[in-house]
Structure formats: structure tokens, C-alpha cells
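Some notes on the structure that comes next.
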Amino acid sequence: MRRFIPRGIAVRVALACLFVVALAMAIIGTGVLSVARGQFAQLMMKQGASSSEANAMFQQTVSGVFGAAVVVAALLSVIVALLLARYLTRPLEEMADAASRLARGDYRARAQEQGPVETRSLAHAFNAMADSLQSQEQARRDFVAGAAHELLTPLTNLQGYLEGLRDGVVAPSDATFASLQEETDQLVRPACAPRDLADAPR
């Protein structure tokens, strides 16, 4: 199993997630450590505590808990960002691998339709293109095999006639030349088929 190493768009997605989380924590931290500190000090002073005692208690309780929460949130945000980056980029990496295999002539290469809707749609379109290319390649091979067969039979017959004429086994009669003409016509038809197919309107 290939290990996931963030790079490219995965890094940008992860960094964007981390930036949003860091910004949110900064805003919350500003509210907690500034506004809440003053409210906490006022409440404690109403209970008879001095300002220094109230600040010390705030540091020991609220600030400590908030600091621990920030550390936990940072770790969780890193994990979530990496998982999200993997979820978004892994289908694209597999699709790129399938495209590379297809370019090398592996017409069985297909992309898994997974991930977000957009990547599933892209993978579906890629697979449809691969199916079309595979069908065209099979049609090309069938055509070449059929054309080779169509050419081989009259060529073999022509070769036999020519050897017979050379060796004097076959007499140079009108019937012989008619047979040679027939074999030649059979050669012309498959030879002209690619040209007619290329000239056909699309």
C-alpha cells in the first residue's frame, strides 16, 4: 500500500484548513484571555479577592485549561487537515496513474469513481473515454487482422499462378489471365478500404 505523502494540492488544502483553525483559535483566544480576564477579575474582587489574586487564579484555571484546549485543537486540526487532503487528492492521484497507464497502451486502465462528486464525475468521464479508446483499438486490430487475411489469400493464389507460369505448369491462356485479374481485384478492394474510410464524411 502506497504511503500518503502530502504534496501539491494536498499541501495547499492542509495549510488552508490549518490557517482557518489557527484564525478561529486566535479570535477565541483573544476573547477568552482579554474579555473573560476582566470579567473574572471583577467577579473575584466582588468576593473580596485582590486584583493580583484574581489574575493568579485566572492564570491557574482558565488560562491553563485554554492552553491545553489549544494544543489538543491544534493536533486534531492537523489530523483532520491531512485526512481531508488525502480524501480530496487520492482519487486525483489514482486517476493520473490510470491516465499514465492508458498513455503507455494499457487500454484496460480505469480510474476508481470515489471521493467528492466532482472527482467521481471526472473519473466517470475518464473511464468512458478509456472505454471508447479500447473499443477503437479493438476495431483497429480486427480491421488489420481482417485486411491481412483478405490480402493473404489472393497473394497466395497469385504466387501459385506466377510460379506455375514460370515453370510451364500453367499455360498462359485467357482463363489464366482472367483468374489473375480476379485475384488482383481481390487485392485492390481491401487496399482501398482504409482510403474510403478516411474520405467518408463524419
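The values are calculated or read from the model by the stated rules, or taken from the named source; none is laboratory data. Since this is a predicted model, take the numbers as computed values, not measurements. Glycine also receives a Cβ, built like all others from the backbone with ideal geometry; neighbour counts cover every protein chain displayed. Only protein heavy atoms, including side chains, enter the accessible area calculation; ligands, DNA and RNA are left aside. Shrake-Rupley method; radii C 1.70, N 1.55, O 1.52, S 1.80 Å.
Hey, does segment 150-165 have a residue that's touching a residue at least 12 places away in the same chain (Cβ under 8 Å), open to solvent by less than 60 Å² (accessible area, probe 1.4 Å) and acidic (D, E)? So far as segment 150-165 goes, no, none of its residues is touching a residue at least 12 places away in the same chain (Cβ under 8 Å), open to solvent by less than 60 Å² (accessible area, probe 1.4 Å) and acidic (D, E). Every condition in (1) part of a loop (DSSP other than H, G, I, E, B); (2) surrounded by 13 or more Cβ atoms within 10 Å (Cβ to Cβ) is met by V78 except one, and the failing one is (1). Report, by residue number, each residue of segment 81-115 that is more than 24 Å from R12 (Cα to Cα), among the basic types (K, R) and in a helix (DSSP H, G or I). The answer is R101, and nothing else.
Here L84, L88 are screened, and the one residue that is open to solvent by 50 Å² or more (accessible area, probe 1.4 Å) and out of contact with any Pro (no Cβ under 7 Å at 6 or more places or on another chain) is L84. With the structure loaded, tell me whether E118 is assigned to a helix (DSSP H, G or I), open to solvent by less than 50 Å² (accessible area, probe 1.4 Å), out of contact with any Pro (no Cβ under 8 Å at 6 or more places or on another chain) and without any contact (Cβ under 8 Å) to a residue 12 or more places away in the chain or whether it fails that test. Here the answer is no, as E118 does not meet what is asked.
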